[in-house]
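Notes follow once the structure below has been shown.
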Amino acid sequence: MSGRSESGTRAGAPVQRVLVVGSGGREHAIAWKLHAERPDVTLLGAPGNPGIAELGRCYDVSATAVERLVELAVREQVDLVVVGPELPLSLGLVDRLRERGIAVFGPTAGAARLETSKSFAKEVMNHAGVPTARAETHTDADEARLAVRRFGAPVVVKATGLAAGKGVVVCASMEDAYEAIDMMLLSRGMGDAGAEILVEEFMQGEELSLFYLTDGTRAIPLVGAQDHKRLRAGDEGPNTGGMGAYAPVTISTPALVDEVTRTIVLPMLRAMRERDCPFTGLLYVGLMLTAAGPKVVEFNCRFGDPETQALLPLLDFSPTLLELMTIVGRGEPLPESATIRATGHAVTTVVAAAGYPEAPRTGDPVVLPPVTDAGVEIFHAGTRRAPTGELLSAGGRVVAVTAVADTIEEAHRLSAAYADRVELTGKQYRDDIAWRELERRRAPSAGAGTP
């Protein structure tokens with residue numbers, strides 16, 4: 001017998017070649033962590049970015065070119081594929097890799113519907129008795145407006161499909177909700193993602209992101225994180241894909257994590273197994289901490305961005321993250337003894353391009369000063385190399401600056417200070433990342449509510 005698992009990789013054999021799919025800051029952080037754990041591992045990126053290229057070899061293959069990615073993995077004889085973004089998951093990349101006997105960390109297209117279809121996620125949550133906001137699914141604008149009148153304002157309107165993090169509109173008035181409905185269903189402002197929408201009750205509280213590594217049955221939580229969606233300091237301006245993040249979060253207590261695991265994560269995993277589409281990989285649980293307890297805002301089927309850039313430099317994994325990803329990718333059960341712990345505090349500040357998020361400008365020179373402070377890491381998110389070798393902006397979020405320190409105050413100072421030194425014409429960044437945590441520490445008796 002060959003001694004190979006169903007994934008085609010020899011059971012128990014150490015991983016030597018890893019392919020990371022994607023090109024953003026999240027993928028750079030994943031590649032950075034794997035390299036830090038195992039410098040001897042050969043890292044490949046598709047398509048990668050200049051930061052990943054410093055750690056391994058990048059191939060000009062789009063993250064959505066499923067068949068070309070499978071061919072690349074076969075040709076390069078990779079031992080493990082780690083899928084970063086949600087779109088290739090929705091296109092069935094994991095399914096195709098498994099058909100070819102390649103170990104892969106990520107959910108199948110069927111399981112990824114927890115992110116790619118908000119209506120599917122609501123259906124599963126309701127069936128499993130998972131706490132979440134009351135919602136209705138609509139494809140007709142008139143019916144959706146009637147739902148708004150039933151719910152009252154404030155109310156939330158969501159495109160059910162993938163909308164690059166821009167498919168959720170929190171509406172202060174019914175008139176705002178009508179505009180959002182018309183934009184999605186009539187004007188098709190969200191494209192196919194908004195052909196079906198959710199009208200959802202507004203939840204009051206503070207948001208928290210919890211990530212779980214899961215083999216489909218067992219789930220191991222990472223420490224809680226918070227991201228900052230608004231463009232400008234003080235949570236002002238338009239929503240973005242995320243202007244920064246920090247971890248750990250004081251309100252993410254062991255008791256809260258245990259409650260989320262018991263009442264949300266394990267019931268969802270059980271419900272997915274019952275539907276014959278077990279969820280394996282990284283389950284991102286977006287929570288609202290309401291007066292009635294934690295409720296689900298949304299699920300994502302992969303590492304979050306920019307939370308990953310804050311979490312991975314902060315965390316120690318035992319076994320290593322690479323070993324845990326390999327176990328899941330091979331279809332094996334996670335070890336009961338696995339532990340994940342934080343070793344300080346991390347703050348990530350995103351430096352964005354001029355015009356972001358509506359119309360980000362690209363092609364501007366980017367100058368990254370030398371890093372002189374211990375604990376500071378720079379993750380490329382939207383950059384490219386010109387033929388001359390010059391670093392240029394190539395997306396809305398250009399780089400993410402992560403600082404890990406003994407205190408949240410010091411991590412915040414180091415991250416903001418380096419972001420200020422990045423040279424990029426028209427750059428945008430927030431100097432108040434982790435402001436809630438900083439305020440809590442200044443006045444711990446003030447409570448955990450959102451101001």
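The values are calculated or read from the model by the stated rules, or taken from the named source; none is laboratory data. All values derive from a computational prediction rather than experimental measurement. Don't worry about glycine lacking a Cβ; one is built from the backbone with ideal geometry, like all the others, and counts go over all protein chains shown.
Here are some notes:
- In region 105-156, residue farthest from Asp182 (Cα to Cα) [restricted to those that are β-branched (Val, Ile, Thr) and touching a Ser or Thr at 6+ places or on another chain (Cβ under 6 Å)]: Thr116
- Test for Val285: is it in contact (Cβ under 8 Å) with a residue 12 or more places away in the chain, surrounded by fewer than 22 Cβ atoms within 10 Å (Cβ to Cβ) and closer than 19 Å to Gly167 by Cβ: no
- Residue match in region 108-121 (condition: surrounded by fewer than 21 Cβ atoms within 10 Å (Cβ to Cβ) and among the aliphatic types (A, V, I, L, M)): yes
- Residue check, Tyr212 hydroxyl-bearing (Ser, Thr, Tyr) and assigned by TED's automatic domain parsing to the domain that holds Gly244: yes
- Of all residues making up region 217-241, the number that are farther than 18 Å from Gly426 by Cα and touching a Gly at 6+ places or on another chain (Cβ under 9 Å): 6
- Looking only at residues in region 340-385 that are in contact with a Lys or Arg (Cβ under 7 Å, 6 or more places away or on another chain) and exposed (fewer than 15 other Cβ atoms within 10 Å of the Cβ), the one that is nearest to Gly51 (Cα to Cα) is Pro369.
- For Ala153, the test of being over 30 Å from Val328 (Cα atoms), at pLDDT 90 or above, more than 24 Å from the chain's Cα centre (by Cα) and part of a loop (DSSP other than H, G, I, E, B) is passed.
- Residues located in region 211-230, provided they are touching a helix residue (DSSP H, G or I) at 6+ places or on another chain (Cβ under 6 Å), within 28 Å of Val157 (Cβ to Cβ) and hydrophobic (A, V, I, L, M, F, W, C): Ala225
- Strands (runs of 3 or more DSSP E) enclosed by region 244-300 - at least 2 residues per element that are within 30 Å of His380 (Cβ to Cβ) and touching a Pro at 6+ places or on another chain (Cβ under 8 Å): 244-247, 281-290
- Qualifying position, being out of contact with any Gly (no Cβ under 9 Å at 6 or more places or on another chain) and either surrounded by fewer than 19 Cβ atoms within 10 Å (Cβ to Cβ) or under 27 Å from Arg384 (Cα atoms) (or both), among Pro88, Pro39: Pro39
- Of the criteria (1) within 19 Å of Tyr246 (Cβ to Cβ); (2) without any contact (Cβ under 8 Å) to a residue 60 or more places away in the chain; (3) among the charged types (D, E, K, R), which one Glu307 fails: (2)
- Selection count, region 243-264, where residues are surrounded by 22 or more Cβ atoms within 10 Å (Cβ to Cβ) and either at pLDDT below 95 or among the β-branched types (Val, Ile, Thr) (or both): 3
- Selection count, region 101-153, where residues are under 15 Å from Ile197 (Cβ atoms) and aliphatic (A, V, I, L, M): 8
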